[in-house]
1. Examine region 36-56 for a residue that is at pLDDT below 75 and either surrounded by 10 or more Cβ atoms within 10 Å (Cβ to Cβ) or in contact with a helix residue (DSSP H, G or I) (Cβ under 7 Å, 6 or more places away or on another chain) (or both), and state whether such a residue exists.
2. Show the residue pairs that are 6+ apart or on different chains and have beta-carbon atoms under 6 Å apart, the first residue being within region 23-50 and under 27 Å from residue 66 (Cβ atoms), the second being assigned to a loop (DSSP other than H, G, I, E, B) and at pLDDT below 95.
3. Taking the conditions exactly as written (modelled with pLDDT under 75 and surrounded by 11 or more Cβ atoms within 10 Å (Cβ to Cβ)), does residue 6 satisfy them or not?
4. With the checklist (1) at pLDDT 90 or above; (2) surrounded by 12 or more Cβ atoms within 10 Å (Cβ to Cβ) in hand, flag the one item residue 31 doesn't pass.
């Protein structure tokens, strides 16, 4: 048994091992905004898209697509004094 044993299950059909092994290009795009609510607090909103080329499987003709849309909201607190020339 190996730790990195890939498997795919589609409609109760399970493929394991080399049948589901494919290397594809992955890419990611990100955009975000930050708003200083106070001197030390920043509110942020981000969008991330992650996608890959469509993998090809040798045993079955499977049309697979891997992508992800993520929306993130954040709150950052800066511990450093804004008048300080050193960042903590």
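The values are calculated or read from the model by the stated rules, or taken from the named source; none is laboratory data. Bear in mind the structure is a predicted one, so any value in this text is a computation, not a measurement. Reconstructed Cβ throughout: ideal geometry from the backbone, glycine too, with neighbour counts over all protein chains shown.
1. Quick first cut of region 36-56, residues at pLDDT below 75 only: 56.
Those still in the list that are either surrounded by 10 or more Cβ atoms within 10 Å (Cβ to Cβ) or in contact with a helix residue (DSSP H, G or I) (Cβ under 7 Å, 6 or more places away or on another chain) (or both) too: 56.
Looking through region 36-56, at least one residue is at pLDDT below 75 and either surrounded by 10 or more Cβ atoms within 10 Å (Cβ to Cβ) or in contact with a helix residue (DSSP H, G or I) (Cβ under 7 Å, 6 or more places away or on another chain) (or both).
2. 24/53; 24/55; 25/53
3. Details: modelled with pLDDT under 75: yes; surrounded by 11 or more Cβ atoms within 10 Å (Cβ to Cβ): yes.
Spelling it out, residue 6 is indeed modelled with pLDDT under 75 and surrounded by 11 or more Cβ atoms within 10 Å (Cβ to Cβ).
4. All conditions pass for residue 31, except number (2).
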